[in-house]
Amino acid sequence: MILRLSEQLNIPLRERNVLLVASGYAPIFAERQLDAPALQQARQAVDLVLSAHEPYPALTIDRHWKMITANRVVPLMLAGAASSLLVPPINVLRLTLHPDGLAKQIANLPVWRAHLLERLTRQIDLTADPVLIDLMSELKSYPLTSRSQHFRSEERGEYAGVVVPLEIVVEDRMLAFFSTTTVFGTPLDITLSELALESFFPANAVTAEALRKLSPF
């Protein structure tokens, strides 16, 4: 009954274990390291997707938004961030919204910030994870400023009302992206279930052409 209810409510595997233990049962979902032999094929699949997405940026994150791996385009996007924010483990939300991170390059910072905080809120509602709660408090304390707000995308009509774009200035060029989040469809391992692949696609032809010129591969 517990597992059936958890499935219907889409409760994460980690929290399903908690419910099982609280009900007097043993936890049934294992948690392995990502480099464990049992997860080797899954890790190879992730690496394949990341590399195939070039010349567009893509990365994988864990449940606390720590970057696990990224394709070769991502470092090009992070060149303007302070080195202190790029020391592993890199927290992607902190890196994006910190005033010394990417925030100063994001032209539509209020919109993108609201989008990210909404996603984080949904995670907290599902998990009540204290690490995420602390992270939310930290992110909300950051000033809402951007040095790139004078940049405006001329192609906004291509995605207005369809997706929330990320408008970011890279090497004095306005780049516009929409993102997709991919997760494993039938995971039975906690680590695998909490792994998310974030892929960014050009939201207009100008961005697609700029990425082809920026990427050396």
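For SER215, neighbours were defined as the other residues whose beta-carbon sits under 10 Å from its Cβ, and their charges (Lys and Arg +1, Asp and Glu -1) total +2. Between helix 205-214 and the chain there is an angle of about 90 degrees, using the helix long axis and the longest principal axis of the Cα atoms.
Computed about the Cα centre, the dipole magnitude for the chain is approximately 140 debye when only Lys and Arg (+1) and Asp and Glu (-1) carry charge, each at its Cβ. Taking 0.36 nm per residue of separation and subtracting the Cα-Cα distance, full extension of the segment from ARG94 to ASN10 would add 27.5 nm.
How high is the FRET efficiency between LEU86 and SER51 when r is their beta carbon distance and R₀ equals 25 Å, given to the nearest 0.05? The value I calculate is 0.75.
Cα to Cα, under 25 Å, and not fewer than 8 places away if on the same chain: which lysines meet these conditions relative to LYS66? Partners within reach: LYS104, LYS140. Listing ARG119, ARG43 from fewest to most neighbouring C-beta atoms within 10 Å gives ARG119, ARG43.
Count Lys and Arg as plus one, Asp and Glu as minus one, and take only other residues whose Cβ is under 10 Å from that of ASN71; the net charge is then -1.
Karplus-based coupling profile of region 182-190, in residue order and whole Hz: 10, 10, 5, x, 9, x, 10, 10, 4, with θ = phi - 60° in 6.51 cos²θ - 1.76 cosθ + 1.60 and x standing for Gly or Pro. Given axes a ≥ b ≥ c from the Cα gyration tensor, I'd like to know whether region 48-90 is rounded (a/c under 1.5), prolate (a/b larger than b/c) or oblate. Judged from the Cα gyration tensor, region 48-90 comes out oblate (a/c at least 1.5, b/c at or above a/b). With a simple spin-label model that places each label point 7 Å from the Cα along the Cα-to-Cβ direction, the separation between LEU144 and GLN41 comes to 4.8 nm.
Projecting the Cα positions of PRO110, ASN10, SER193 onto the charge dipole of the chain (unit charges on Cβ atoms of Lys, Arg, Asp and Glu, taken about the Cα centre) puts PRO110 furthest along the positive direction. For Cα extents along the principal axes in Å, one of (i) 72, 29, 28; (ii) 58, 37, 36; (iii) 93, 39, 29 was computed from the structure I shared and the rest are decoys. Which label? Comparing each candidate, only (ii) matches the computed number. Taken along the Cα-to-beta-carbon direction at a fixed 7 Å, the label points for ASP172 and ASP134 span 4.2 nm. With K and R counted +1 and D and E -1, the other residues having a Cβ less than 13 Å from that of SER193 yield a net charge of -2. Fully extending the segment from ARG72 to PHE184, taken as 0.36 nm per residue of separation minus the present Cα-Cα distance, adds 38.1 nm.
What is the angle, in °, between the Cα long axis of helix 40-52 and the longest principal axis of the Cα atoms in the chain? Nearest 10 is fine, range 0 to 90. On a 0 to 90 degree scale, this one is about 20. Selection among ALA42, MET1, LEU59 by position relative to the dipole of region 1-103 gives MET1 as farthest towards the positive end (Cβ unit charges, Cα centre).
Each value in this text was obtained by applying a stated rule to the coordinates, not by laboratory testing. Just so it is clear, the model here is predicted, and its values are computed rather than measured. FYI the Cβ positions are ideal-geometry reconstructions off the backbone, even for glycines, and counts take in every protein chain you see.
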